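Q: Okay, here's the structure, questions in a sec.
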Amino acid sequence: MDKIEHIGIAVKNLEKANELYKVLLGVASYKEETVEAEQVKTSFFKTGESKIELLQGIGEDDAITKFIEKRGEGIHHIAFAVNDIEQKMEELKAQGFRLLNDKPKRGADNKMIAFLHPKSAHGVLIELCQDRSTYKPGF
Ligand code: CMX
C-alpha cells in the first residue's frame, strides 16, 4: 500500500456536512460527485497531503444508507492508494483476505476501486484505489 489515500465518512446530509467540514478544515470541498453505480453522493476535501471523502447514500439499500441505519454516522472506510490494483487484489486474496469485488470498479475522484470485507480487517472496511489514468485492465 502506498499511502492512505482518503478516509470515507458516512453522513446523512451532504450539504450540512459540507458546511461543517469547511469550517473544521478551513477549506472548501474541491469536488462533489455522484457515483450512480454505488448510489452515493460524495464530496472531497484536501488538507495538506490528506483527503477526506464525505458520503451520503442516495438509494434505499445503498451501502451508506445501510451503514448509517445500523451504526450511525461516522468513519465508513479507509482507502489506500496502490499502483497496481489488480496485482494487489490477487496478492491480498492469496493472503486470505476476503475481497468484495472480483474486478476493480469505477469509483469517485477518477479512481478504480475495490474493497476488502470489514470482517477480514478487524471491523474496518478497506478500500484499494488506483488512479484511473494509470489503470490498464488485465482481469
Ligand atoms: N465498516 C465496518 N463494518 C461494517 C461496515 C463498514 N463500512 N459496513 C458494514 N459493516 C458491518 C455490519 O455492521 C455487519 O456487522 P455485524 O455482523 O457485526 O452486524 C458486518 O459488517 C457485515 O455486514 P453484512 O450484513 O454482511 O453486509 P452489509 O450488507 O452490511 O454490507 C459491506 C457491508 C461492507 C459488505 C457493503 O457495504 C459493501 O459491499 N461495501 C463496499 C461498497 C461500498 O461501501 N460503497 C460505498 C462507497 C463507495 C465509494 O467510496 O465511492
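Q: Counting other C-beta atoms within 10 Å, and keeping those with at most 13, which DSSP coil chymotrypsin sites (Phe, Trp or Tyr not before Pro) do you find in the range 1-101?
A: Sparse-neighbourhood loop chymotrypsin sites (Phe, Trp or Tyr not before Pro): Tyr30.
Q: Count charges around Asp61 for me, please; just the other residues with Cβ under 15 Å from its Cβ, Lys/Arg as +1, Asp/Glu as -1.
A: -3
Q: Okay, moving on. Please state the relative contact order of the chain as a whole percent: Cα pairs under 8 Å, 6+ residues apart?
A: Across the chain, relative contact order equals 24 percent.
Q: Moving on to the next point. How large is the accessible surface per residue of the chain, computed with a 1.4 Å probe and reported in Å² as a whole number?
A: That works out to 59 Å² for each residue.
Q: On a 0 to 90 degree scale, rounded to 10, what angle separates helix 14-25 from the longest Cα axis of the chain?
A: It is inclined by approximately 90 degrees.
Q: Taking only DSSP H segments of four or more residues, each worth -39500 (n - 2.57), what value at 222 nm results for the chain once the sum is divided by all its residues, to the nearest 500 deg cm²/dmol?
A: Dividing the helical sum by the residues of the chain leaves -6500 deg cm²/dmol.
Q: What would the Debye equation give as log₁₀ I(q)/I(0) for the chain at q = 0.15 Å⁻¹, counting only Cα atoms as equal point scatterers?
A: For the requested q values the scattering log ratios are -0.73.
Q: Determine, from the Cβ-Cβ distance of Ile58 and Ala94 and an R0 of 41 Å, the FRET efficiency 1/(1 + (r/R0)^6), rounded to the nearest 0.05.
A: Taking R0 as 41 Å, the efficiency between Ile58 and Ala94 is 0.70.
Q: Now for a different question. Give the Cα extents of the range 75-139 along the principal axes, in whole Å, largest first.
A: The Cα atoms of the range 75-139 stretch 32, 27, 16 Å along the principal axes, largest first.
Q: Given a 1.4 Å probe and every protein chain left where it sits, what share in percent of the accessible area of the range 5-120 is carbon and sulfur?
A: Heavy-atom surface of the range 5-120 belonging to carbon and sulfur, 1.4 Å probe: 48 percent.
Q: I've got another one for you. When the distances between all Cα atoms of the range 27-102 are binned every 10 Å from zero, what whole-number percent does each bin get?
A: Percent of pairs per bin, in order: 16, 36, 38, 10, 0.
Q: Can I ask one more? What are the ³J(HN,Hα) values, in whole Hz, obtained from phi via the Karplus relation 6.51 cos²θ - 1.76 cosθ + 1.60 with θ = phi - 60°, for each residue of the range 44-52 in sequence order, with x given for Gly and Pro?
A: 10, 10, 10, 9, x, 8, 9, 10, 10
Q: Mind jotting down the distance between the C-alpha centroids of the range 67-113 and the range 1-54, whole Å?
A: 17 Å
The values are calculated or read from the model by the stated rules, or taken from the named source; none is laboratory data. Only a predicted model underlies this, so the values are computations on that prediction, with no experimental measurement involved. Every residue, glycine as well, gets a Cβ built from its backbone with ideal geometry; the counts of neighbours run over all protein chains shown. With ligands, DNA and RNA removed, areas are computed over all heavy atoms of the protein, side chains included. Shrake-Rupley method; radii C 1.70, N 1.55, O 1.52, S 1.80 Å.
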